[in-house]
Amino acid sequence: MNTTTYDFEAGLAEQDESAPRRAVLPMTLQQLRIFHAVANAETMTKAAKQLGLAQPSVSQQLNRLEASIGTRLFIRRPNEMELTEAGLYLLPRVEQLLRILNEAEDGLQRFCEGRPAVVKLAGLDSVLRNLLPGAVGRLHDCFPGVTMDVQESAPAEIVELLDARRINFGLVAGNSLAETHEQFLQVPIMEDPYVLAVPKELDLAGVADPARELSPAAYRTLNRSIQFAFGSTHTRRVSNWYDRLLPGHQPIVQCRSYESALSFVRAGAGVCVAPALSTIGSAGPDAGVKRYLIGVPPRRIVALMLSQHRTMEPMATLIAALKDVGRALDMQTILPTPTFLADDAMSR
């Protein structure tokens, strides 16, 4: 373990060799990384998960750091770790140090000839499934020695992985990110339109008044909504869309994934609003549903990363390839907006 010591009062500048040496504290890089992770995650459990360490190890290293400093860095409460005055003083200095170290590590990668590069990324399942295979093929044309380390993750998990520097970038919906994540660069990849997914037997083409023009059974299906319990602002926006356009609808299922919701639609249980990419499987668009374009703002798919990674290879080539694949995706099977929803779509 690295036992290099640091003098934060002196900053990162070189000190005059002739000046009296002040005492320095035996803080290790591992301890500082753990302190940074706990300060941002707010609990040891979350920090341990980000770091890939056992919680007792995180607690032990944090206690050693506090013992070496001689003061508490956190006020410990059940399910909460609050920074003390000393912790608030230390945090920005640790962030500066870790940022410089990370930049140095990233910069040195270009000198490691002969060593296979590994691109680590995490993303939403529907985005990885539809964009990544084609992009990796193009990446290997330019960098045949690159390997990929890929994991499916929710947006909150992706941000945690980036905070812990365990991935190079994440593929997420920019609409779902809180303003608190502005420290990461968002590189636009594509716009993923929202569709109203309905059972394949439910034909809404040319329907201007569903209550009068649909059969009683079809009208009941249209008014049974399958919704999502993600808790985000965008989820509430979609819920408001249901209330405005289908005022008589009844939520019958709440899901945690679009894939689960679409299984209910295929079975004829109801309808759902979903991003178009989530309705495309490995064999193409879901044959069990019809997809109608609606007036909900699209999902903005972005590559979330540290700014210094934007122009670094092979990440830059991979991101360019992801954009190309996104532009080439076949969205022709999305049907036009039904007549009874057209006014809402035009007003968006």
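Can you go through Arg256, Arg291 and tell me which one is in the same structural domain as Ala205 (by TED's automatic domain parsing) and surrounded by 18 or more Cβ atoms within 10 Å (Cβ to Cβ)?
Result: Arg291 is the single residue among Arg256, Arg291 that is in the same structural domain as Ala205 (by TED's automatic domain parsing) and surrounded by 18 or more Cβ atoms within 10 Å (Cβ to Cβ).
Inspect the stretch 191-203 for any residue being without any contact (Cβ under 8 Å) to a residue 40 or more places away in the chain and surrounded by fewer than 16 Cβ atoms within 10 Å (Cβ to Cβ) and give the result as yes or no.
The initial filter retains those residues of the stretch 191-203 that are without any contact (Cβ under 8 Å) to a residue 40 or more places away in the chain, namely none.
Scanning the stretch 191-203, I find no residue that is without any contact (Cβ under 8 Å) to a residue 40 or more places away in the chain and surrounded by fewer than 16 Cβ atoms within 10 Å (Cβ to Cβ), so the answer is no.
Might you check whether a residue that is modelled with pLDDT under 90, within 22 Å of Met312 (Cβ to Cβ) and buried (at least 19 other Cβ atoms within 10 Å of the Cβ) occurs anywhere in the stretch 146-157?
yes
Consider Ala269 carefully, then state whether it is surrounded by fewer than 15 Cβ atoms within 10 Å (Cβ to Cβ) and more than 20 Å from Leu128 (Cα to Cα).
Values: surrounded by fewer than 15 Cβ atoms within 10 Å (Cβ to Cβ): no; more than 20 Å from Leu128 (Cα to Cα): yes.
When the stated conditions are applied, Ala269 does not pass them.
Yes/no matrix, rows are residues, columns are (1) outside the structural domain of Arg165 (by TED's automatic domain parsing); (2) in a helix (DSSP H, G or I); (3) under 19 Å from Arg165 (Cα atoms):
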site: Lys46; (1), (2), (3): yes, yes, yes
site: Gln50; (1), (2), (3): yes, yes, yes
site: Pro56; (1), (2), (3): yes, yes, no
site: Ser59; (1), (2), (3): yes, yes, no
site: Asn63; (1), (2), (3): yes, yes, no
site: Ala67; (1), (2), (3): yes, yes, no
site: Thr71; (1), (2), (3): yes, no, no
site: Ile75; (1), (2), (3): yes, no, no
site: Glu82; (1), (2), (3): yes, no, no
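Out of all the residues in the stretch 242-250, is one or more without any contact (Cβ under 8 Å) to a residue 12 or more places away in the chain and out of contact with any Lys or Arg (no Cβ under 9 Å at 6 or more places or on another chain)? Break it down stepwise before answering.
Filtering the stretch 242-250 for residues without any contact (Cβ under 8 Å) to a residue 12 or more places away in the chain gives 243, 247.
Subset that is out of contact with any Lys or Arg (no Cβ under 9 Å at 6 or more places or on another chain): 243, 247.
Yes, the stretch 242-250 has at least one match.
What single numbered condition from (1) under 30 Å from Leu98 (Cα atoms); (2) of a type in the set (Gly, Ala, Ser); (3) surrounded by fewer than 17 Cβ atoms within 10 Å (Cβ to Cβ) fails to hold for Gly174?
It is condition (3) that Gly174 fails.
Considering only residues that are in contact with a strand residue (DSSP E or B) (Cβ under 7 Å, 6 or more places away or on another chain), modelled with pLDDT under 85 and within 21 Å of Asn130 (Cβ to Cβ), which ones fall in the stretch 220-255?
Within the stretch 220-255, Phe228, Val238 qualify.
Going by what's in this entry, would Ala283 be described as out of contact with any strand residue (DSSP E or B) (no Cβ under 8 Å at 6 or more places or on another chain), under 30 Å from Leu121 (Cα atoms), modelled with pLDDT under 85 and surrounded by fewer than 19 Cβ atoms within 10 Å (Cβ to Cβ)?
On the way: out of contact with any strand residue (DSSP E or B) (no Cβ under 8 Å at 6 or more places or on another chain): yes; under 30 Å from Leu121 (Cα atoms): yes; modelled with pLDDT under 85: yes; surrounded by fewer than 19 Cβ atoms within 10 Å (Cβ to Cβ): yes.
In short, yes.
Which of the numbered conditions does Ala269 fail, given that it passes all the others? Conditions: (1) among the aliphatic types (A, V, I, L, M); (2) assigned to a helix (DSSP H, G or I); (3) at pLDDT 85 or above.
Condition (2) is where Ala269 drops out.
Are there any pairs, at least 6 apart or on different chains, whose C-beta atoms fall under 6 Å, with the first in the stretch 125-151 and farther than 22 Å from Ser260 by Cα and in contact (Cβ under 8 Å) with a residue 24 or more places away in the chain and the second part of a helix (DSSP H, G or I) and among the small types (Gly, Ala, Ser), and if so, which?
Ala135/Ala321; Arg138/Ala321; Leu139/Ala321
Suppose the filter is in contact with a Ser or Thr (Cβ under 7 Å, 6 or more places away or on another chain) and in contact (Cβ under 8 Å) with a residue 60 or more places away in the chain; does Arg299 pass it?
On the way: in contact with a Ser or Thr (Cβ under 7 Å, 6 or more places away or on another chain): no; in contact (Cβ under 8 Å) with a residue 60 or more places away in the chain: yes.
Judged against the criteria, Arg299 is not a match.
Is it the case that Gln186 is in the same structural domain as Leu124 (by TED's automatic domain parsing), surrounded by fewer than 21 Cβ atoms within 10 Å (Cβ to Cβ) and within 28 Å of Arg129 (Cα to Cα)?
Yes.
The values are calculated or read from the model by the stated rules, or taken from the named source; none is laboratory data. Since the structure is predicted, the reported quantities are computational estimates derived from the model, not experimental observations. Virtual Cβ from ideal backbone geometry, glycine too; neighbours counted across all protein chains shown.
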